[in-house]
Structure formats: C-alpha cells, structure tokens
Amino acid sequence: MKKVQDLEAAQALAQSERRRHELNRQVTVQRKEKDFQGMLEYHKEDEALLIRNLVTDLKPQALAGTVPCLPAYILYMCIRHADYVNDDLKVHSLLTSTINGIKKVLKKHNDDFEMTSFWLSNTCRFLHCLKQYSGDEGFMTQNTAKQNEHCLKNFDLTEYRQVLSDLSIQIYQQLIKISEGLLQPMTVSAMLENESIQGLSGVKPTGYRKRTSSLADGDKSYCLEAIIRQMNSFHTVMCDQGLDPEIILQVFKQLFYMINAVTLNNLLLRKDVCSWSTGMQLRYNISQLEEWLRGRNLHQREVVETMEPLIQAAQLLQLKKKSPEDAEAICSLCTALSTQQIVKILNLYTPLNEFEERVTVAFIRTIQAQLQERNDPQHLLLDFKHMFPVLFPFNPSSLTMDSIHIPACLNLEFLSEV
C-alpha cells in the first residue's frame, strides 16, 4: 500500500513540475521584444568602420532601390543614440568623422557628377534631420507625434548645422563645376553652328564657310539633342538620389545662365554668326530648351530669365534695321542687352545676300542716342563663370526613424537597433 502511495506522490510531483515548466515556456514565448525606437548603437571602436562602410567606401549604385538619402538617416539614428545616453564625446567624434569622410570622398571624386550629387543629397538631408529633430519648435511644425519622440534630448548641435551648411555649399559648387565642364564644350556648336532647322544652311551669309556637324578637322561638333541628353542625365541622377526640388531648380538656373552667357559672348565676337538665319536658329533652340524645362516642371521665372539676353539677341538679328520706328522697336525690346552689346551686334550683322542692306552708321547712331540715358554696365561680354548664391530651404521628411531598414549590402551588422 505504501508503494502505491509513493508512486502516486511521485506522479503528482512530476505532473506539477511539467505544468510549471510549460507555464515558464509560455511566458518565454509570449514575451514581446522591446519596440525599435529609431536609434542605432555602436561601440566606439567601430566608428572608423562605420564611416568607411557608410561614407568613404560607399558606392551610390549599391543603394539603388532603397530609401533616398539612407546614409543621412542612419547617421542621424547613431547621433540620436549618443545623445540619448548623453555621450557628448561620441556625438562630437561621429559628427567630425562624418564631415571629414564626406570631404575625403569629394576630393577623390572631384569630377564625378553622380558621387557629388549623392553627397549633396545626403549632406542636405542630414542637415534637415538635425533641424527637424532639434527640439526647436520652428522646425517641428510638420512633425507627427511619433517624429517628436525622435528628437534630440541633451545636445544643441546648432554649430554643427552651420558646418554642414557650409559643406553643402562647397558640394553644390563642385556639382556646378562638373556639370558646366560637361556642357560648356557642347554649347557654341549646339546653339549657334549646328543646323537644327533643316534648310537654313541655304540662307547663311555669303562668304563664310559652313560649319558642319561632322567630326571634321578633329573638332567635335554637337547638336542641341546632345545638350538635352546631358541635362536629362543630370536631372535623372539628382531626382533618383532624393536631392531637394528647390536645389535641382537652382542647378538648372545656373546651367541655363552658363548656356546663355557662353552663346551670347560667342555671338558678340563672331561676324559669321550675326545673321538673320542665326537668329531663327537661336529662337528655335531656345524654344526647345524651354520645352524641356516645362516637361520637368522646371519652367520657373528665375530659370527662364537667365536666357533673356540671348532671346533678345536672337530677336534683334531678325528685326528690321532701317527706319526710326525700327530703332524705337529695338530699344524698347532689348532691355536685357546693354547699349554696347546692341551696337556690337548691329555692327557685326551680316546681310544674307546682295539684296539685303548692311546696317547703316546713321541707324546705329540713332540707337545710341535713344539709349544714352541708360545706366548700362561697361563690359561687353558676360561673366560665364558667375555663380548665383545657393539657398537650402528647410525640407522636413515624413519618414519616421523606426521605419528605416538597413540593407545587408552596407555591412553594418555591428549596429544594434535600440
């Protein structure tokens, strides 16, 4: 009888142990992981690896198809964790290493449009993040409640924002230099020499060699389509990389100014292109460029205005140049050209044939008399290297940090989500 009781007691004990084990197992299975708060933690000794994988060795192509400006978001999440744990040395070190890393990349790739555009996009986005999550109410008006949770808690990074703003200006200037370097060799040939309107070669001024679009004499000649293809390439890269639309607009304002200045300067120095047919050709080419702007929602007043001197020069070549009424029409139309430029074009103007008269000295003097009250600049040629000041309007993101996914191709496994 005692054996039976001992057996029943052992079975009851075993059953009790099993139930307790199952209960513990259920608790383990059902316990929720802590929510990702949009912060990334790394050990101080991994900082150099972080900068190498995310900045200095990163190829923009590796991030095709991911969130635009992903490096900027990742860097902010690292900064935010260092702020969260109140580690001012880590914040300072990471920001300094990031800025130096970007400068190193730009120096190495100083003729690479895609790489320069990529780091302009990311530097601007990083700057926007430091503003959007600064805790400054002026930058938080469009934030959601969730985004406000991701603000910095301990440090004011205003001075670093200024450094990043200055760096963005340097990157923008490098981007302009690269793009102008690609477009400028095409400009004169495409805008003034190539026959984009078929049949105009028959109405060129007599006595001048026709320039063709071939590769004769080793001089490469370009058509307008080459300029448009190059601008398409610029536009696609900048849009794909998430560059702010306001900055893209300023890039094309600068490029259109350069096209205007280089073309007009050439016109002012060459008798062989100062003719009625060149005026017709120019007006057609400008209309094609304006159509391109419209197709990309870039046809804004500040961009189109950069072409106004060239538009007026093209019209001047086509206007009548005989009577006092003609002189009056020219003076009222050519407001974006200086008196010196108008007179120079009239002096260079070449009749199409023996039936068209040259512009008379008396007509030119009439123009000068009517324009003498103008307060014109004294220089004849435009400064084609002039650069407009760039502005970087604040552009907050709708993304929340906890929604950012880090692809395996970045090799950032040492970062821990917090």
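The figures follow:
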| item | result |
| --- | --- |
| Relative contact order, percent, the chain [alpha-carbon distance under 8 Å, six or more residues apart] | 21 |
| Net +/- balance of residues flanking K44 in space, Cβ distance below 12 Å, scoring K and R +1, D and E -1 | -4 |
| Cβ-based charge dipole, the stretch 335-418, positive-most Cα from I364, L412, F392 | I364 |
| Net charge over other residues, Cβ less than 15 angstrom from the Cβ of H405 (K, R count +1; D, E count -1) | -3 |
| Estimated distance in nm for a label pair at E137 and E225, the labels positioned 7 Å out from Cα along Cα-to-Cβ | 5.9 |
| With every protein chain in place, the stretch 68-161: carbon and sulfur % of accessible area (1.4 Å) | 47 |
| Projected label distance in nm at Q61 and S165, using a 7 Å step from Cα toward the beta-carbon | 3.7 |
| For the chain, size of Cβ-based charge dipole, Lys and Arg +1, Asp and Glu -1, in debye | 520 |
| Within straight-line cross-link reach of K107, aspartates and glutamates at Cα separation under 14 Å, skipping those fewer than 8 residues along the same chain | D57 |
| Cβ-derived FRET efficiency at R0 56 Å, E357 paired with F414, nearest 0.05 | 0.10 |
| Over the stretch 224-359, equivalent-ellipsoid semi-axes from the Cα gyration tensor in Å | 33, 15, 12 |
| Å² of accessible area per residue within the chain, as computed with a 1.4 Å probe and no ligands counted | 53 |
| Max mean-square fluctuation residue, GNM over the chain, Cα-Cα springs under 10 Å, options S403, S165, S179 | S403 |
| Entries of K90/K131; K59/K131; K103/K220; K103/K131; K108/K153; K104/K385 with Cα pairs more than 31 Å apart | K103/K220; K108/K153 |
| Candidate values (i) 1.50; (ii) 1.08; (iii) 0.98, label of the one derived for Cα Rg over 2.2 N^0.38 Å | (i) |
| Gaussian network model of the chain, Cα within-10 Å springs - most flexible of R80, R125, R301 | R301 |
| Heavy-atom accessible surface of the stretch 363-408: percent carbon and sulfur, 1.4 Å | 54 |
| Nitroxide proxy distance, nm - points 7 Å out along Cα→Cβ at E373 and Y284 | 4.0 |
| Rg over Rh [alpha-carbon atoms, Kirkwood Rh] for the stretch 375-418 | 1.42 |
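The values are calculated or read from the model by the stated rules, or taken from the named source; none is laboratory data. Predicted model only: the values in this text are computed from it and were never measured. Cβ: placed from backbone, ideal geometry, glycine included. Neighbour counts: every protein chain shown. The accessibility values were calculated without ligands, DNA or RNA, using every heavy atom of the protein model including side chains. Shrake-Rupley method; radii C 1.70, N 1.55, O 1.52, S 1.80 Å.
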